[in-house]
Each structure stands twice: as C-alpha cells, then as structure tokens.
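In what follows, a single structure is set out as structure tokens and then discussed.
The values are calculated or read from the model by the stated rules, or taken from the named source; none is laboratory data. Values in this document were obtained by computation on a predicted structure and should not be read as measured data. With ideal geometry, Cβ positions are generated from the backbone for all residues, glycine too; neighbour counts draw on all protein chains shown.
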Amino acid sequence: MSDYLPATRKISPTQFNFLANYLSTKYGLNIPTEKTVLLESRLISRLNMLKLGSIEEYINYVFKSKHGLEEYQMFVEQITTHKTFFFRENYQFEFLKGILPDYVKKCGSNRQLNIWSAGCSTGEEVYTIGVVMNEKKNEMPLFDYKITGTDISIPSLKKAAKGLFSMNELENMPDGIQSKYFNTLTKSGEAFLQFNSPEVKSRISLGMLNLNKKNYNLSNTFDFIFCRNVTIYFNAKTRNNVLERIVSKLKPGGYLFLGHSETALGTNLPVKSIQPTIYQKIGN
C-alpha cells in the first residue's frame, strides 16, 4: 500500500531516521529500517485524522506546533503496540494462584501484597491480576493486595481506567468470571463489557511511566512484577538496563513474569528461573 502513496505522504529516510532516533533515545524503542512501512502506515492514519498532507507536516505538528502536546500522546499511542487480552499466557496466573498460599504464609497474612503491571496497556492485564487476587482473597480473606499499572501511553491508560472492553477482548475468559465481574452494555448497536467490581478497582492505581527513565517514581517494592511483551521492543542494552531497574523493584523472594518470547537467562540479574518466563528474585 505504501508504494501508492503520494511522495509527500511517504516517509523519507531522513524523516525515518529522525523518528527512530528520537524514539530510541527517549523510550529505548528499537525501530529497524525494515519497519519503515509499518511506521509510515501508523503515521498516515494520524495524517488522515488531522487532514494533513505530508509526513513533514505531521512531524512539525507534533514537535513544533502549539497543538503538539495533545497530538504527542496520540503519536506515542500509534507507535507503541497494545495488543493484549484477558488471561494472556494463563499458565502464569495458574502458577501465581498455586504459590500464593505459601507466599502469603511466609510473608505474614497481615502484610499487603504489591503487584506491578509494567506496560499495562489498555488494562486487560491489571484487571486479570485483580480477578485472580480477588478470587484467592475469597479463599484467604486475611491478606490484602494493591496493583500498580504503568504504561507510556496516556490514551491507553485512559481506556484502562474506564474498564470498558469489546466482546472479543474477553475470548479467553474462564467460565464464570465474565458474569461475575462484568456487565454487558450496548453502545451504537455494539455490545461491550464493563468491569463492575468496585472491590477490585479500589485496589488498582494507574500511571504513566517510561521504563527507559533511569529512576522509576514508584514508592513501593513489589512481590510480583508482570513485564510481558514489553522488552522485545528494546535494543539489547536498553533491555538489560530496564530489566535491572525492574528487578531492583522486586522484593527478595518475589516473582518476575516475562512474555513468552522474553528471557532473563544470560543476564547478571539476581533471579533464578522457576519455569520458562517465570523468575524468582534471590537474596535476603
């Protein structure tokens, strides 16, 4: 499709290099030249929305105009990938449910457990964690928990805060969970599901965080950290630095959950592999 665009709406090597270098420096994102067409197509959708005639106009609009701050959020939203769904890689949640009783017993039942979803996107992961923890709390009522969700995309965080999802985003929902935690709504003739558990929502906080920053403004250390399908977009150096900072926020004995194509093996991180994509922090 890119070959049929007017020349002014195709991304030039200079424009690509500017954007790729900017995204690498600010966010640690690795965008190789073979992703040129993908980057171009994502920018074109914003050009169409704003009725702009060229990539150059769009770059100036984002980085130089008075409207730039608002559009910048949409620029980041377009560039970053937000594919996610409920109970993704469900074996990790089954693992969490399995180890939770002994973990709570070891920590003391009166201590709040802290969970971080790093790269929470549009909220499917934080609500999945909330459902898992709430179900276990029904069995073990003395423990409490708090979930922190962070992402670089403000539009995604706003969607997460609303807790409104299309029907196909809940395809992997275990039996009984949908009817217990969601209400069905109809908007413009389309069915949506609204997360409806005040108990869970009261334990979730959301905020913007760039994982490429040297310091994370997080007051807690965490018992469980989910950072799944996030580091695959970083170059090797950024990936290692990000994982070091993330693990520094993990309590000794706590667990790190990565995506199915990610690994902490071959690093100097103070973690041991429990099973593929699941790691436990070692130390006192």
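Of note:
- The set of residues in the stretch 210-228 that are surrounded by fewer than 19 Cβ atoms within 10 Å (Cβ to Cβ) and either in contact (Cβ under 8 Å) with a residue 60 or more places away in the chain or outside the structural domain of residue 157 (by TED's automatic domain parsing) (or both) comprises 210, 212, 218, 220, 221.
- Residue ID - farthest from residue 222 (Cα to Cα), chosen from residues in the stretch 128-164 that are in contact with a helix residue (DSSP H, G or I) (Cβ under 9 Å, 6 or more places away or on another chain) and assigned to a strand (DSSP E or B): 151
- Here is the figure for the stretch 188-204: residues that are closer than 15 Å to residue 164 by Cβ, modelled with pLDDT of 90 or more and among the polar types (S, T, N, Q) total 3.
- Evaluation of residue 186 against (1) among the β-branched types (Val, Ile, Thr); (2) within 19 Å of the chain's Cα centre (by Cα); (3) farther than 19 Å from residue 122 by Cα (one fails), failing number: (2)
- Candidate set from the stretch 64-100 (those that are out of contact with any helix residue (DSSP H, G or I) (no Cβ under 8 Å at 6 or more places or on another chain) and either surrounded by 15 or more Cβ atoms within 10 Å (Cβ to Cβ) or at pLDDT 90 or above (or both)); member that is farthest from residue 178 (Cα to Cα): 99
- Filter pass, residue 277 being under 26 Å from residue 102 (Cβ atoms), surrounded by fewer than 17 Cβ atoms within 10 Å (Cβ to Cβ) and under 18 Å from the mean Cα position of the chain (by Cα): no
- Condition met for residue 167 (touching a helix residue (DSSP H, G or I) at 6+ places or on another chain (Cβ under 7 Å) and surrounded by fewer than 17 Cβ atoms within 10 Å (Cβ to Cβ)): no
- Enumeration of residues in the stretch 134-158 that are crowded, with 24+ Cβ neighbours inside 10 Å and under 16 Å from residue 97 (Cα atoms): 147
- Qualifying residue in the stretch 20-36 (condition: small (Gly, Ala, Ser), more than 30 Å from residue 128 (Cβ to Cβ) and buried (at least 18 other Cβ atoms within 10 Å of the Cβ)): yes
Conditions tested, residue by residue: (1) under 20 Å from residue 91 (Cβ atoms); (2) modelled with pLDDT of 90 or more.
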position	(1), (2)
128	yes, yes
142	no, no
149	no, yes
170	yes, no
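- Cβ separations smaller than 7 Å between residues 6+ apart or across chains give the following pairs from the stretch 256-282 residues that are in the same structural domain as residue 227 (by TED's automatic domain parsing) and outside any loop (DSSP other than H, G, I, E, B) to residues that are at pLDDT below 90 and surrounded by fewer than 13 Cβ atoms within 10 Å (Cβ to Cβ): 273/265.
- The stretch 233-269, residues that are modelled with pLDDT of 85 or more, under 20 Å from residue 96 (Cα atoms) and of a type outside the set (Ser, Thr, Tyr): 246, 247, 249, 250, 251, 252, 253, 254, 256, 257, 258, 259
- Count - residues of the stretch 62-80 that are within 18 Å of residue 26 (Cβ to Cβ) and touching an Asp or Glu at 6+ places or on another chain (Cβ under 9 Å): 2
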